[in-house]
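First up is the structure itself, then whatever we jot down about it.
The values are calculated or read from the model by the stated rules, or taken from the named source; none is laboratory data. Source: prediction; values computed, not measured. For neighbour counting, all protein chains shown are included, and Cβ atoms are generated from backbone atoms with ideal geometry for every residue, glycine included. Surface areas here come from the heavy atoms of the whole protein model, side chains and all, with no ligands, DNA or RNA. Shrake-Rupley method; radii C 1.70, N 1.55, O 1.52, S 1.80 Å.
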Amino acid sequence: MSLVKTREQLYDLDPVVRRRALERLVSQAAPADPRTPPVVNLHCHTIFSYSGYGHSPASLAWLAREQGWYALGTVDFDVLDGVDETLWATDLVGVRGVSGLETRVHWPEYLHWEFNSPGEPGVIYFEGIGFAASTPAPAAVSTLDDMRQRAAQRNREMVERVNAHLHPVIIDYEADVLPLTPLGNATERHILVAYDAAARERYPQWEALVSFWADKLGMAAEEVEAFLGGDLNRPPAPHDAIRSRLMKRGGVGYVQPGTDTFPALDEVIQAILACGAMPCHTWLDGTSEGEKHLDELMPLLIDKGVAALTVIPDRNWNIADPDERTIKVRNFHEIMGLARDLAVPVLAGTEMNKAGQRDLDDFDVEPLQPYRDDLIQAADIVYGHTVLQRALGLGYVSDWAQAHLPDRRGRNAYYAQVGRTVAGVVPNAGTGAVERVAALDGAGLDADALLRRLGDMFCAA
């Protein structure tokens, strides 16, 4: 089989096909060539929720290997389905790998403030990173099941409302949407793909298709032609114009969330901690009322168990309007300064759940360059955490870490050192590392002794 065909199989919905393809590629690959200075993307969505490029965890791992990434992190909405594949795939290709989930929660004490979910006061996009497996801990099962079921129910109800508006173009959630996903965790973008396909099937002539969407969306024909792209033969796509008109605030499919729409912040934090993973507050751009008060709120979040921040830097500097750019760059400097003051690791990524989003951030641009070391250290921290959690259950939020490394700044330095030690000195970094660390009696060692043992083990390899 050709190399091109094998690469294409990394995008297959069958996990066996993906694994065999990645194993074949690695067996034929030249030694990895890490990029200098290091680059990371710790926030990549995959086909287990939605990827704008069709990426599976395996295809992302291979992309990271080909491009010489320092570290890769995957997240998917509401589920842990991609964790196992991310970890074995990054182990196999020799890239530092971490994985988790993203979801929405409500913060009952602050229902009057908007945070990082525009137009939805009290609602927060929230993340857990550094999971050791796709199977949650028993104490987290009910919360994770509830998150999955709530998301599916919201989707079904949205489809009913949008179907009523778009008739005669209608879709069936089970028949038309769920087959687009590997494990049934559909998103709004899957629904949009299904509507695009259904509309083209119902109106196979260009003029009729444009007229349908112009009427249903209240748009000029020229605007519809622009977002459809003029090609009836291209694959169905999740058009933002349809999403913004029908599924977002003011659209027929949208319902303003209430306190029962999403789980409570504390419940989700406790589920993440029960799995031994790191709860992460996600920061948007500092312009909402809630984010303007994050200097007051971040200590409260830390007390609740939040261990890190996640940022999407590209949306804070890569902005055409100079006035908006000035404001958001200033806000980015402020959040990075706050994170330094509070010794909170900051995980950076690009999302990749929408076509057009870049593979990697450019840490050489002026707004990001001062924080390159911070962002690379955060990758070391969460990777060091992931290795110790997978191997010994001694991750960043474990009882062992609380007892041996109570100071957050010292804990950051420790797990960063673990991440560098385990991954940085072994060819094909990560391959077999977890198994080797698991052989240690880590629970019987103090922090310094464990680090020495790791140094002896890997530096001698």
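For region 314-338, how many residues meet the condition of being under 30 Å from ALA186 (Cα atoms) and open to solvent by 70 Å² or more (accessible area, probe 1.4 Å)?
2
Given the condition free of Cβ contacts under 8 Å to residues at least 24 places away in the same chain and acidic (Asp, Glu), answer yes or no: does some residue in region 248-266 qualify?
So far as region 248-266 goes, yes, one or more of its residues are free of Cβ contacts under 8 Å to residues at least 24 places away in the same chain and acidic (Asp, Glu).
Going by what's in this entry, would ASP341 be described as open to solvent by 30 Å² or more (accessible area, probe 1.4 Å), at pLDDT 95 or above and over 30 Å from TYR53 (Cα atoms)?
yes
Here's the yes/no breakdown for (1) surrounded by 21 or more Cβ atoms within 10 Å (Cβ to Cβ); (2) among the aliphatic types (A, V, I, L, M); (3) over 17 Å from ARG390 (Cβ atoms); (4) free of Cβ contacts under 8 Å to residues at least 24 places away in the same chain:
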site	(1), (2), (3), (4)
TRP62	yes, no, yes, no
TYR70	yes, no, yes, no
VAL83	yes, yes, no, no
LEU111	no, yes, yes, no
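Got at least one residue in region 246-256 being touching a strand residue (DSSP E or B) at 6+ places or on another chain (Cβ under 9 Å) and modelled with pLDDT under 95?
Looking for residues that are touching a strand residue (DSSP E or B) at 6+ places or on another chain (Cβ under 9 Å) and modelled with pLDDT under 95, one finds none in region 246-256, hence no.
For residues that are open to solvent by 20 Å² or more (accessible area, probe 1.4 Å) and assigned to a helix (DSSP H, G or I), scanning just region 432-446, find the one that is modelled with the lowest pLDDT.
That would be ALA443.
Quick one: which residue in ALA449, ALA429, ALA423, ALA416 is at pLDDT below 90 and assigned to a helix (DSSP H, G or I)? Show your work before the answer.
On the way: ALA449 fails: at pLDDT below 90; ALA429 fails: assigned to a helix (DSSP H, G or I); ALA416 fails: at pLDDT below 90.
One residue alone meets the criteria, ALA423.
For region 1-17, how many residues meet the condition of being open to solvent by less than 70 Å² (accessible area, probe 1.4 Å), assigned to a loop (DSSP other than H, G, I, E, B) and closer than 13 Å to PRO57 by Cα?
Residues meeting the conditions: 2.
Output the number of residues of region 151-206 satisfying the condition of being outside any helix (DSSP H, G or I), hydrophobic (A, V, I, L, M, F, W, C), over 24 Å from GLN256 (Cβ atoms) and open to solvent by less than 40 Å² (accessible area, probe 1.4 Å). First the steps, then the outcome.
So the first thing to find is which residues in region 151-206 are outside any helix (DSSP H, G or I), and the list is 167-172, 181-187, 203-205.
Checking the rest, the ones that are also hydrophobic (A, V, I, L, M, F, W, C) come to 169-171, 183, 186.
Now drop any that are not over 24 Å from GLN256 (Cβ atoms), which leaves 169-170, 183.
Narrowing the set further to residues that are open to solvent by less than 40 Å² (accessible area, probe 1.4 Å) leaves 169.
Within region 151-206, residues that are outside any helix (DSSP H, G or I), hydrophobic (A, V, I, L, M, F, W, C), over 24 Å from GLN256 (Cβ atoms) and open to solvent by less than 40 Å² (accessible area, probe 1.4 Å) number 1.
Being at pLDDT below 95, open to solvent by 60 Å² or more (accessible area, probe 1.4 Å) and within 29 Å of VAL83 (Cβ to Cβ) narrows it down to one of ASP260, ASP266, so name that one.
From the options ASP260, ASP266, the qualifying one is ASP260.
Can you tell me which of (1) over 28 Å from the mean Cα position of the chain (by Cα); (2) open to solvent by 20 Å² or more (accessible area, probe 1.4 Å) is the one ARG243 doesn't meet?
(1) is the only condition that ARG243 fails.
For GLU102, indicate whether it is touching a residue at least 12 places away in the same chain (Cβ under 8 Å), touching a Gly at 6+ places or on another chain (Cβ under 9 Å) and open to solvent by 20 Å² or more (accessible area, probe 1.4 Å).
no
Filter region 342-390 down to residues that are in a loop (DSSP other than H, G, I, E, B) and touching a residue at least 60 places away in the same chain (Cβ under 8 Å), then give me how many there are.
In the first step, residues of region 342-390 are kept if they are in a loop (DSSP other than H, G, I, E, B); the result is 343-345, 349-350, 352-368.
Next, only the ones that are touching a residue at least 60 places away in the same chain (Cβ under 8 Å) stay: 343-345, 349-350, 352-357, 359-361, 363.
Number satisfying all stated conditions: 15.
If the requirement is being touching a residue at least 24 places away in the same chain (Cβ under 8 Å), farther than 24 Å from LEU144 by Cα and open to solvent by less than 10 Å² (accessible area, probe 1.4 Å), which of these qualifies: VAL93, VAL75, VAL26?
VAL93
Pairs please, first residue from region 1-22 and on the phi < 0 side of the Ramachandran plot, second anywhere and part of a loop (DSSP other than H, G, I, E, B) and open to solvent by 40 Å² or more (accessible area, probe 1.4 Å), Cβ atoms under 7 Å, 6+ apart in sequence or on different chains.
Filtered contacts from region 1-22: ARG18/ASP12.
How do the pairs read when you match residues in region 128-151 that are at pLDDT 95 or above with residues anywhere that are loosely packed, with under 15 Cβ neighbours inside 10 Å and among the aliphatic types (A, V, I, L, M), using Cβ under 9 Å and keeping only pairs 6 or more apart or on different chains?
Partner pairs satisfying both residue conditions: THR135/VAL141.
Would you please list the contacts, defined by Cβ atoms under 6 Å and residues six or more apart or on different chains, that run from a residue in region 394-420 that is under 14 Å from VAL344 (Cα atoms) to a residue that is surrounded by 13 or more Cβ atoms within 10 Å (Cβ to Cβ) and polar (S, T, N, Q)?
Close Cβ pairs (under 6 Å, with a partner that is surrounded by 13 or more Cβ atoms within 10 Å (Cβ to Cβ) and polar (S, T, N, Q)) amount to ALA416/GLN377.
Can you report the number of residues in region 31-47 which are surrounded by 15 or more Cβ atoms within 10 Å (Cβ to Cβ), without any contact (Cβ under 8 Å) to a residue 60 or more places away in the chain and not hydroxyl-bearing (Ser, Thr, Tyr)?
1
Counting only residues that are open to solvent by 30 Å² or more (accessible area, probe 1.4 Å) and without any contact (Cβ under 8 Å) to a residue 12 or more places away in the chain, how many does region 207-229 have?
Qualifying residue count for the region: 9.
Residues that are touching a Cys at 6+ places or on another chain (Cβ under 9 Å), under 29 Å from ASN155 (Cα atoms) and of a type in the set (A, V, I, L, M, F, W, C): does region 265-273 have at least one? Write out each step before concluding.
As a first pass, look at region 265-273 and keep what is touching a Cys at 6+ places or on another chain (Cβ under 9 Å): 272.
With under 29 Å from ASN155 (Cα atoms) added as a condition, the list becomes 272.
Within this subset, residues satisfying the condition of being of a type in the set (A, V, I, L, M, F, W, C) are 272.
Within region 265-273, one or more residues are touching a Cys at 6+ places or on another chain (Cβ under 9 Å), under 29 Å from ASN155 (Cα atoms) and of a type in the set (A, V, I, L, M, F, W, C).
Restricting region 291-301 to residues that are open to solvent by 30 Å² or more (accessible area, probe 1.4 Å) and in contact (Cβ under 8 Å) with a residue 24 or more places away in the chain, which is nearest to TYR110 (Cα to Cα)?
Ranking the candidates gives HIS293 first.
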